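The values are calculated or read from the model by the stated rules, or taken from the named source; none is laboratory data. Since the structure is predicted, the reported quantities are computational estimates derived from the model, not experimental observations. Here Cβ is always computed from backbone atoms with ideal geometry, including for glycine, and neighbour counts include all displayed protein chains.
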Amino acid sequence: MEWAQVPDAAAFRAFRQRCQDGSWQQDRGGLAVSLQLPPPGCAIHQLKCRIDVPDVPAATMYDVLHDSEYRWEWDTNVIDTHGIAQVAVNADVGYYAWRCPKPLKNRDVVMLRAWQVEDGYHTIINFSVKHPKYPPRKDMVRAVCLLTGYLVHSTGPNSCSLTYLAQVDPKGSLPKWVVNKASQYLVPQMLKKLHKACVQYPAWKQQHNVNMKPWLYPEQNKLPVLALSELALQRAASLENIDESSLAEEKDESSDRGALEN
């Protein structure tokens, strides 16, 4: 069993490097996408998406990514999201469940999330962990997040760029249309909605616990403290494999709903 650890400075540097490395396969309208498909017999793929945001400061983007209360306002994929426990001043454990494109089963994940602000970069890193009180649910497929996160880079006093990186095992044999839809439409669409949410966030926050930002002020964090020894890394091998590779895409009127990644 591999025990969970809070990412150190080297891990944050490595994540930043991974976000910045490599060529972008699609780049249009200030939004770029890079997809690395897995080799045969492997379910793990890596997706990167970057968006340039000319009218939102990096600090606001960072606040929106953290604010779980506000996520209910803009994330149409969310089924459930909440914090479970804090494990460090810059790390916590949380639960997230989301809708997948029909007819796939919905997914959920328990993740350790860590964050850092340094040198004009705001970074959030997530990876899957096992929590004793959050076993896999019968009505969900427990996905495995090897590494996901956000890199927000300030490009001016009121502008920034956001890179989203996901290295995920969705735990199951998926049809090709799912991966294609996620990379070409769902994730880029999510980032566009996130941009719009960021523009609206300052006005919303004025009416909702305006000074409550535990990701900036650790003393505000009211989650119970959990020892890292209670958490182990979640690996795909310990979970039931779900074969959905033969499922055909269903027409969904709310076509922007349901994403492969979280």
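In the set (1) surrounded by fewer than 21 Cβ atoms within 10 Å (Cβ to Cβ); (2) touching a Ser or Thr at 6+ places or on another chain (Cβ under 7 Å); (3) at pLDDT 90 or above, Trp115 fails one condition alone, (1). Of the residues that sit in the stretch 194-214 and are surrounded by 13 or more Cβ atoms within 10 Å (Cβ to Cβ) and of a type in the set (A, V, I, L, M, F, W, C), which one is nearest to the chain's Cα centre (by Cα)? So the residue we want is Leu194. Step by step: first the residues of the stretch 162-182, then only those that are surrounded by fewer than 20 Cβ atoms within 10 Å (Cβ to Cβ) and in contact with a Ser or Thr (Cβ under 6 Å, 6 or more places away or on another chain), then the one that is modelled with the lowest pLDDT. Which residue is that? Per the criteria, the residue is Pro175. Restricted to strands (runs of 3 or more DSSP E) entirely inside the stretch 74-146, those with at least 1 residues that are under 20 Å from Val168 (Cβ atoms) and among the polar types (S, T, N, Q) are 78-88, 121-130.
Between a residue in the stretch 100-113 that is within 14 Å of Gly83 (Cα to Cα) and in contact (Cβ under 8 Å) with a residue 60 or more places away in the chain and any residue that is crowded, with 20+ Cβ neighbours inside 10 Å and small (Gly, Ala, Ser), which pairs come within a Cβ distance under 6 Å, given they are 6 or more apart or on different chains? Matching pairs, first to second residue: Val109/Ser128; Val109/Ala143; Leu112/Ala4.
Among the residues making up the stretch 72-109, those that are crowded, with 22+ Cβ neighbours inside 10 Å and of a type in the set (A, V, I, L, M, F, W, C) are Val87, Val93, Trp98, Cys100, Val109. Against the test of being of a type outside the set (Gly, Ala, Ser), farther than 23 Å from Ile84 by Cα and in contact (Cβ under 8 Å) with a residue 24 or more places away in the chain, the options His131, His122, His153 yield a single qualifying residue, His153.
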